[in-house]
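Please read the structure below before turning to the comments.
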Amino acid sequence: MLARIQAWLDKLQLDPEKTSLRSLFPVINVVLVLLVIAGIAASAAGLLRSLANDQGMTRAQLSGTSAREELRKMGEDTLTQARQTARNEAIRRAILDGATNTLPALLKRNCEVAGFSACALIQDDQVIAQSDDGSKTKVQWSAMITAEREQGEHFLVVPSEKLPPMMGAAATTLNNLVTPSLSVRMLAVRFMDDRVTTTLRERVRADIHIINYRNFNQAPVDTYTHVHAAALSDGRYAAERINSKQVFVASVPVVASTGEFIALIQSEIPTADSDATAGALTRRLLITATIVGILAVLVSVLLGNYFARPLQNLTDAATRLAQGDFSTSIPTSGPAEVGVLSRTMEDMRRNLVNLTSTLRRKEAEAEAVLEGTTEGVFAVDKNRLITYINPQGTRLLGTTRTQALGKFCGDILKPCADAQGIKPCDSAHCPIVQARNTNHATASERLHAGNGMIKTTVITSSGMVDGIQVQVIRDETEVESIRRARDSVLANISHEFRTPLSAQLASIELLLDGLNEYEPDQIRSLVMSLKRGAQRLTNLIDNLLESVRIESGQLSIRKQRVALHEVVSEAQNLIGTLLVQRFQKLEVDVSEELPHVEGDEVRLTQVFVNLIANANKYAPDYSTIRVGAHLYGNELFAWVEDEGPGIADSSLHSIFERFTRGLSHEPEAGGLGLGLWIVKSIVDRHGGTIRAERTAERRTRFVITLPLPVAKLPEKFEQA
C-alpha cells in the first residue's frame, strides 16, 4: 500500500521546494479524512455484519434451547398423562379379572387418547400386555424397563432400531403391598417424531429437527456434522452460520439423567432477515459517510488555510535566524503545536547546557547498577591497570577501592600459581589477554583473599571498548565446597557398604570351612551375623533411596486412616532382629483406643523403624527402649526414648539435617546421617513436628507431634 502511494506521488512530480504548504496541507487533510472515513465505514459495515451474524446465531441457539425446554415440559406432561391412564378403572378390572386378551385393546384405546406412541403393562419386569401390534414401530420394552430402572419414572431412551428417540414415563396401575411381585405398572412412551417436531416448530417459531443420537454416529458427514460434533463436545450447545444453506444453525444435545446422549435438536433460522437488516444499515452508513466526507473536505480546506499561515510565518522567521538575524522574534501565534515549536527553538540552547548534567546523572545510574550486582565487577585499561571496581569486588578480594585503583590487576587479585609455578597473569591463559583477541573469555582461578582464605572464582572478561575492558568475577567457593562434600559422601557410602559386605564374606567363608564341623550354636551365630549385615545394608539402601525421593520431590503421602499401635507393631516386627542381637528390650505403651491419624501407614512405619534403629544403635546392651503415645488436645504425641549417652545441646536441631551424624565416635560403624533427616521430612509432610530432648531420667527422647482430623474425639480422650 505504501509503495503504491509513493508511486502515485512520483507520478505527480511534486517539488517540495516549489509546492506551497497552504495548498499542500488541505490536500493532505482531505486525503487523510477520506481514508479515515472509508476505513471507519468499512469497519462499521463489517461490525454490523458480525453483529447480525451473532444475533442470528443467538436466535438459533435460543430456539434450540427453548425446544429442549419444551421437550422437558412434554416429558412432564407424559408423566402426568401416564399416571391418569394407569388409574383407568377398566384396565384395573381387566387385570384383576385376568382378562389379559382384552388388555391390548384397552391399552391401545387409552394410549391413543393420551397421545402416547405405545404403552405396556409390566408385572415383575415382564410385559403382560402392550398397545403396539408388531408393526415396524414395535418398541423393545426390555430397554424401556432398563431405562426406567436407571432414570426413574420419567426417562429418555435412544432405541437400537432406526426409530425416533423416545420419552417415557412409568406409573403404578396396581400396587400389591403383600406380594410386590404381583404389582403392575404401566410404561408409556412417546416418539420424538414429526408430530412432536411440528409442535416444537409452532411453539418456538423456528425450523426444528430432532436427530437420533445413534443414527447421527452412524450417518455420513454432511454440512451440519461439525456443528453437532461441537455441541456434543461442549455438552450444552453450538451455533454457526452456514452460507451454503443460507441459515443460522444451532445444535442442542438432549441428555438423559444418566448422562447418556439421546438426541440432537437442530434449530435453523434463515439468514435473509439478518442480511437484509445489515444491508439496510450498511447503505445508511455509506450515505452518512459520504455526507460527512464532503463536509470534511470543506472543513479541511478552511483549516488548512488557518494552520498554514502561522507555519509560513514561522518558516520565514527561522530563515532569518539561519542567516544570523537573531533580533528577529519568533511569532507564537497559531495552534498549540506552533507555539511548542517556537519555544523549542529557544530551548535548544538550554538543552546544550543541560546535556552535561544529564550525562553525569546517567553515569551515576550506571554506578548504582554496578554496585547493586551480586558479582564483583572491575575494569582495566590497556596496561591491565584497574580503573574501576565495585564494592562487591573489593569485599571478594579483601581490599578497598583506594588500594585497588591504578594498580596492576594481578597484584590485587593475587591468583594462585599452577603446578609449574606460573601465575595466570604471566601466561597466555589470562582471560583479559584472551578476550582482546576473541572479544570474550572465561577462566576459573583460585585467588588469595585478604583474610588469608583461598577462594575459587570464575572470571569473565569482555573485549576492549575505547581502551577499557570490563571483567565480572563470581565467587564459587561454596560450589566447590559442595563438590567436596559430594565426594566425601560418596566415599562414606563406599566405606559403609564395604564394612558389612566384608563381614558377610568372612562369615560365609567360616561357614564353608566348618559347615560339617561347627556346632549348631556356632552356625546360628554366623547366620545371625549374616542377617545383621544384610539388615544394615538394607537400611542403608532404603535411606539412600528415600533421600533421593525426598530431594527430587517424589515423596508422596497417601492419606488414609492409620492406627498408631499397628504402625508401632509393624516397626517392631521389622527391627526386632537388631534388638535381639544386642539383648535389648522394647517396651510399647500405645493404646489401641487412641484415635486414628490421617497419613501414610508405610511412611509412618518407616519413621518408627528409623527411630528405633537409631535407639538400638546408641543404647547400651541389655537396656530398654521405650515407645509410647498419648493424646493432648487435637494432637497425638508419640515418642521413642533410649538410655544412650544423649545428644549435645548444640546438636539438638542440627541432628535432623542431611548427612549429619550425632556423635563423632559412634558405638559401632556409623551410618550416612540420613535416618533422622528422612524422619523429619516424612513428619513434616504429615503436618507434624519432631524434636529431640533429654528427659529427667537422663534418657534421650525423640518426640513426634501429629495432627488429628477435625472431628469429635472419644469422650475418654477429650480431657487428656
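What number of residues in the range 96-117 are buried (at least 20 other Cβ atoms within 10 Å of the Cβ) and within 15 Å of ASN175 (Cα to Cα)?
Counting residues in the range 96-117 that are buried (at least 20 other Cβ atoms within 10 Å of the Cβ) and within 15 Å of ASN175 (Cα to Cα) gives 0.
Of (1) closer than 30 Å to GLY293 by Cα; (2) at pLDDT 80 or above; (3) of a type in the set (Gly, Ala, Ser), ALA60 satisfies all except one. Which?
(1)
Go through LEU706, LEU652 for me and flag whichever is hydrophobic (A, V, I, L, M, F, W, C), at pLDDT below 75 and surrounded by 13 or more Cβ atoms within 10 Å (Cβ to Cβ).
Values: LEU706 fails: at pLDDT below 75.
Every option except LEU652 fails the conditions.
Any residue in the range 294-310 that is modelled with pLDDT of 80 or more, of a type in the set (Lys, Arg) and more than 30 Å from LEU232 (Cα to Cα)?
No - not one qualifying residue is present in the range 294-310.
Being surrounded by fewer than 15 Cβ atoms within 10 Å (Cβ to Cβ), under 21 Å from GLY46 (Cβ atoms) and aliphatic (A, V, I, L, M) narrows it down to one of ALA239, ALA230, ALA276, so name that one.
Details: ALA239 fails: surrounded by fewer than 15 Cβ atoms within 10 Å (Cβ to Cβ); ALA230 fails: under 21 Å from GLY46 (Cβ atoms).
Exactly one residue qualifies, and that residue is ALA276.
Taking the range 40-76, which residues are touching a residue at least 60 places away in the same chain (Cβ under 8 Å), closer than 20 Å to THR198 by Cβ and surrounded by fewer than 16 Cβ atoms within 10 Å (Cβ to Cβ)?
GLU76
Out of curiosity, is SER300 touching a residue at least 24 places away in the same chain (Cβ under 8 Å), surrounded by 13 or more Cβ atoms within 10 Å (Cβ to Cβ) and within 16 Å of ALA206 (Cβ to Cβ)? Working first, answer last.
Values: touching a residue at least 24 places away in the same chain (Cβ under 8 Å): yes; surrounded by 13 or more Cβ atoms within 10 Å (Cβ to Cβ): yes; within 16 Å of ALA206 (Cβ to Cβ): no.
Considered against the rule, which asks whether it is touching a residue at least 24 places away in the same chain (Cβ under 8 Å), surrounded by 13 or more Cβ atoms within 10 Å (Cβ to Cβ) and within 16 Å of ALA206 (Cβ to Cβ), SER300 comes out as no.
Being crowded, with 20+ Cβ neighbours inside 10 Å, more than 52 Å from the chain's Cα centre (by Cα) and among the hydrophobic types (A, V, I, L, M, F, W, C) narrows it down to one residue among ALA120, ALA169; which is it? If you could, list the steps in order and put the result at the bottom.
On the way: ALA169 fails: more than 52 Å from the chain's Cα centre (by Cα).
Only one candidate qualifies: ALA120.
Picking from ILE459, ILE468, which residue would you name as being in contact with an Asp or Glu (Cβ under 8 Å, 6 or more places away or on another chain), under 19 Å from LEU385 (Cα atoms) and either at pLDDT below 75 or surrounded by fewer than 18 Cβ atoms within 10 Å (Cβ to Cβ) (or both)?
Values: ILE459 fails: either at pLDDT below 75 or surrounded by fewer than 18 Cβ atoms within 10 Å (Cβ to Cβ) (or both).
Criteria check complete, one pass: ILE468.
Within the range 86-106, can you find the residues that are in contact (Cβ under 8 Å) with a residue 40 or more places away in the chain and closer than 22 Å to MET166 by Cα?
ALA86
Table: residues versus (1) within 19 Å of LEU62 (Cβ to Cβ); (2) in a strand (DSSP E or B); (3) touching a residue at least 12 places away in the same chain (Cβ under 8 Å); (4) within 35 Å of the chain's Cα centre (by Cα).
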position: ASN217; (1), (2), (3), (4): no, no, no, yes
position: SER233; (1), (2), (3), (4): no, no, no, yes
position: VAL249; (1), (2), (3), (4): yes, yes, yes, no
position: VAL254; (1), (2), (3), (4): yes, yes, yes, yes
position: GLY259; (1), (2), (3), (4): no, no, no, yes
position: LEU264; (1), (2), (3), (4): yes, yes, yes, yes
position: ILE269; (1), (2), (3), (4): yes, yes, yes, no
position: SER274; (1), (2), (3), (4): yes, no, yes, no
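Find the residue count for the range 186-218, including only residues that are buried (at least 20 other Cβ atoms within 10 Å of the Cβ) and basic (Lys, Arg).
1
The values are calculated or read from the model by the stated rules, or taken from the named source; none is laboratory data. This is a predicted model, so every value here is computed, not measured. Counting neighbours? That spans all protein chains shown, and the Cβs are built from the backbone with ideal geometry, glycine included.
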